[in-house]
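Below is one structure, written out as structure tokens; comments come after it.
All of the numbers you see were taken from the coordinates with simple rules; none came from a lab. These figures come from a predicted structure and were not determined experimentally. Note that we place each Cβ from the backbone using ideal geometry, even for glycine, and neighbour counts take in every protein chain shown.
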Amino acid sequence: MEVYLYRRRREDADRLADMDETDPKRINLYLSRDSTWRSVKSTIVHELIHCLMWQAYYYDRRRSEVKLFEDYFADELLTSLIEQVVLGRRLDRIDYDEALNYAMSQTKQRILGLRKRKEHYRKMMDSLKEFLKDYRRKVRSEGSDFLRERRRLLLELPSPLPASLEDI
């Protein structure tokens, strides 16, 4: 595991650390002059959990094919909760609420960031077009079960992340 330390700048805003899922051995940590172990401990634990989860996926092949909501939403939600457990904190209703809100905000940020990565965004758009074409065909021929189709969409919507590091 490699941890790179950077001076925190204004353009970093509230970002304390990050990691790229396709490089799960590296953490970027942004520190200010008044950073202390106490102020960065939870951030380091959070990013280490992300790294371990993505290493398990890419190196150990412990998961099946990656999916959008599993990769973004579930990843952030689970990491937030495990972080609290690792730090020995007692979880209460507020912690669950914060973890859920954090996961939703991070998912939104990451999805909005996809537009910058055009090939990944195009992959998702093509998947949606194919889904709708198939859905229209089903509606004409056999009718539609909206709930089943919604479940299928969530299961089939591909992740913008590569299935393996060789695909980069």
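Annotation for segment 56-144: GluC sites (Glu not before Pro) lying in DSSP loop with at most 15 further Cβ atoms inside 10 Å of their Cβ are E65. Short-range pairs are left out: with C-alpha atoms under 8 Å and at least six residues apart, the relative contact order of segment 52-168 is 37 percent. Each residue of segment 109-125 was assigned a 3J(HN,Hα) from its phi angle through the Karplus curve 6.51 cos²θ - 1.76 cosθ + 1.60 (θ = phi - 60°); the sequence is 4, 5, 5, 5, x, 5, 4, 6, 9, 4, 5, 6, 5, 4, 4, 5, 5 Hz, with glycine and proline shown as x.
Ordering R117, R26, R10 by the number of other Cβ atoms within 10 Å of each residue's own Cβ, fewest first, gives R10, R117, R26. Which entries of K25/K123; K116/K138; K67/K118; K25/K118 have Cα-Cα distances beyond 22 Å here? Too far apart for the 22 Å limit: K25/K123; K116/K138; K25/K118. Amide H contacts under 5 Å for V3: I27, restricted to partners 5 or more places along the chain or on a different chain, H placed in the peptide plane at 1.01 Å from N. For the residues D71, D20, D145, a GNM of the chain with alpha-carbon springs under 10 Å puts the largest fluctuation on D145. Only helical runs count toward this figure. For the chain, summing -39,500 (n - 2.57) over DSSP H runs of n ≥ 4 and dividing by all residues gives -18000 deg cm²/dmol at 222 nm. The chymotrypsin sites (Phe, Trp or Tyr not before Pro) of segment 1-55 include none that meets both conditions, a loop assignment by DSSP and at most 12 other Cβ atoms within 10 Å of the site Cβ.
Using the Karplus relation 6.51 cos²θ - 1.76 cosθ + 1.60 with θ = phi - 60°, the per-residue 3J(HN,Hα) values for segment 67-78 come to 10, 4, 6, 5, 5, 8, 5, 5, 4, 5, 5, 5 Hz, with x marking Gly and Pro. With distances taken between every two different alpha-carbon atoms, segment 101-168 has a Kirkwood hydrodynamic radius of 13.9 Å.
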